Amino acid sequence: MTTVVRPLTTAEIAALALSLAHLGAGPQATTARRGLRHAFEHLDLDDDVIATTLTTLTEPLPPDVASRARVIADAITSRHIIRLHYRDATGAITVRDVEPVTCLVHREFWYLVGVCRMRRAIRAFRFDRIIAVEPTMIPSRPHLADRFLPFQRRKAAA
């Protein structure tokens, strides 16, 4: 009997990586990241962007960022809005309520993808620019992660 191994979807990779992100650098996290690297061995890494992204996926986050990632992961799982204190690329700080959808990595940066209530649109927030995350008990609408992954490759139209 032949077993067909299908590649991981972008949403599956994002979920696995987020689960590992907030584990820190302990023994379980090290073993889990080694397993994730093993799962990536079958991927065609002819693209520098993909190779850099996969390296970032399997590196531990700094403890303060991992702590914020844990709050974000809990909010995604529980479908609750989070309040972000966010510093944008220009240094401006805003406080935003966000319906978190998923997290992903592109090149060397982690992102939270969610619906920003201030902008009323889907946004990607870089983890290293998130100053603080506050959980809320406000329910979020359900969102399918596959619809909101901005860095995935799109299939060419036939």
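What the table below lists for this structure:
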{"read-out": "Restricting segment 64-111 to residues that are under 11 Å from Glu134 (Cα atoms) and of a type in the set (Val, Ile, Thr), the residue that is farthest from the chain's Cα centre (by Cα)", "value": "Val95"}
{"read-out": "Count of segment 104-127 residues which are charged (D, E, K, R) and in contact with a helix residue (DSSP H, G or I) (Cβ under 7 Å, 6 or more places away or on another chain)", "value": "2"}
{"read-out": "Cβ-Cβ under 7 Å pairs, at least 6 apart or on other chains, segment 69-96 side farther than 16 Å from His143 by Cβ, far side among the charged types (D, E, K, R) and in a strand (DSSP E or B)", "value": "Arg83/Asp97; Arg83/Glu134; Leu84/Arg96; Tyr86/Arg96; Ile93/Arg87; Val95/Arg83"}
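Here, each number is a calculation from the coordinates, and none is a lab measurement. Quick caveat: nothing in here was measured; it's all calculated off a predicted structure. Please note: Cβ atoms are built from the backbone with ideal geometry, for glycine as well, and neighbour counts cover all protein chains shown.
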